[in-house]
Structures are given as C-alpha cells and as structure tokens.
Amino acid sequence: MPAQEIKPASRYWFIVVRGMLRFVAILVAMFSLAGRLSYWQAWGYGASGLLIGLVIAVRFAGKSDLIEERVRPGPGMKWWDKVFFALYIPSILAILAVASLDAGRFRWSSPLPLPAYVAGYIVLAVAYSIVFWAMWTNRFFSSVVRIQTERGHHVVQEGPYRLVRHPGYVGAILFGLATAVVLGSLWALIPAGLMAMLVVVRTALEDATLKRELPGYAAYARKVKHRLVPGVW
C-alpha cells in the first residue's frame, strides 16, 4: 500500500486512541473524586462510553476527513463560539465532577431506583444514536461553527435533518441530562441544565449565521421550520 494511503489511516487511529486515553483519564479523575473504586455507576458509564467510542471509530474509519475536521477544524471559527466552548467544556466536566462527589462520595442525592438508571441508559442510547445519525449524514458536522468553503460546504437535508435543523444538538442535550442520571446524581442535573441552555443559545447563533452565510440554508429553514424540537422550536 502506498505511503500516502497509510498516513491518513494512521492519523485517524492515532486520533481515536488519543480520544479513548483522554476518556480513561477522565474516568480516573472521577474515581478520585468519588474516593472509591466501588462507584459502580462510573464503571457502567465508562464501559458504555468506551464501547460506543469503539463502534463509532470502526464505523467512521472511512470518513476520516470528518473526524479530522472535528478534531482539528479549519479556519473561520466565530468569536462567540470560542466563548461558548469556554463555558461548555467546564459545564460537561462539572456534570462528571458533581456526580462523582455526590453519588460517589458524599451521597447528597437519595439513591436512585433501578428504573431511573434503565431510563437514563435508554436516553443515553438515543442521544448517541441521534448524534451518530447526524454525523453519518452530514460530512460537514464540524466541532466548531464555521463555513467550510474549502470542503465544498452545502446544506444537508437528508436523514435527521428532514425533521429538525440541528439534530446533533438534540443529542448533546439528551446526553448531558442522561449522564447525570446514569451516574446516580440529581445534583448533577444542575450543570447538565446549564449545559443544555448553552447548547440552545449556540443553536440560535449558529442558525442565524447559516442563514446569512450558507447559500440555500434560508430556503431550507423555511422548509424545515424547527431547530431542535418539532412543533416547538
């Protein structure tokens, strides 16, 4: 196999392994905050996260350009998106930290019943599925808000984009809320709610940007009328 074909594949799996190692590091930090290895909710969350990560990695091996864009996006990131990430990343980490301190160490929340965990994992699976579907359908599913002119950016109207204009954000909101539950913490729903609010604000800003700057998006918005929730907004 020519060297130029090996290099992109090697780069892709390097990104995958690095991402999984970071996730493991986060799990280690969670157990440290919990103060015990018997924090079984974190084991379940970690195992499911690594499994889903591996499945996505295998399925998206043929879409390495998309993964590259998500890990190392091109130029043109909006200034307000930088502000968003400065708040969004801490909010995600806060969900994990609060849950670990709550359910893992101090037990501020009352123990959740088994049906709550079952419901949480169902919602988590739905969240992963929505994001997976959106990424698979939309090759421009970047991690930042920018017009990807160099990649031939155009409006995507297939798959989940027939239902709402920003399905990936629906998955992100569900993911944050479900994470708090499967980790056994009601208090973690507070940073999860804050994270959801940030995503809603970003949705509005991104939608306005795409209407102004992406040809065909305004017409698409008239066709698919709702951003996140069909019949609501």
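General remarks:
- Couplings 3J(HN,Hα) of the stretch 12-27, computed from phi: 4, 6, 5, 4, 4, 4, 4, x, 5, 5, 5, 5, 4, 4, 5, 4 Hz, in residue order, whole Hz [Karplus 6.51 cos²θ - 1.76 cosθ + 1.60, θ = phi - 60°; x for Gly and Pro].
- Per residue, the chain exposes an accessible area of 53 Å² to a 1.4 Å probe, with every protein chain left in place.
- Note that the stretch 51-59 has calculated 3J(HN,Hα) couplings of 5, 5, x, 5, 4, 4, 4, 5, 5 Hz, one per residue in order, obtained from phi through the Karplus relation 6.51 cos²θ - 1.76 cosθ + 1.60 (θ = phi - 60°); glycine and proline are x.
- Calculated Kirkwood radius over Cα pairs in Å (choose from [x] 18.3; [y] 19.5; [z] 19.0), label: [z]
- Separation of alpha-carbon centers, the stretch 159-220 and the stretch 49-101, rounded to whole Å: 13
- Carbon plus sulfur fraction of accessible area for the chain, probe 1.4 Å, in percent: 72
- Linear extension gain, M197 paired with Y117, 0.36 nm per residue minus alpha-carbon span: 26.4 nm
The values are calculated or read from the model by the stated rules, or taken from the named source; none is laboratory data. In this text the structure is predicted, and so the values were computed from the model without any measurement. The accessibility values were calculated without ligands, DNA or RNA, using every heavy atom of the protein model including side chains. Shrake-Rupley method; radii C 1.70, N 1.55, O 1.52, S 1.80 Å.
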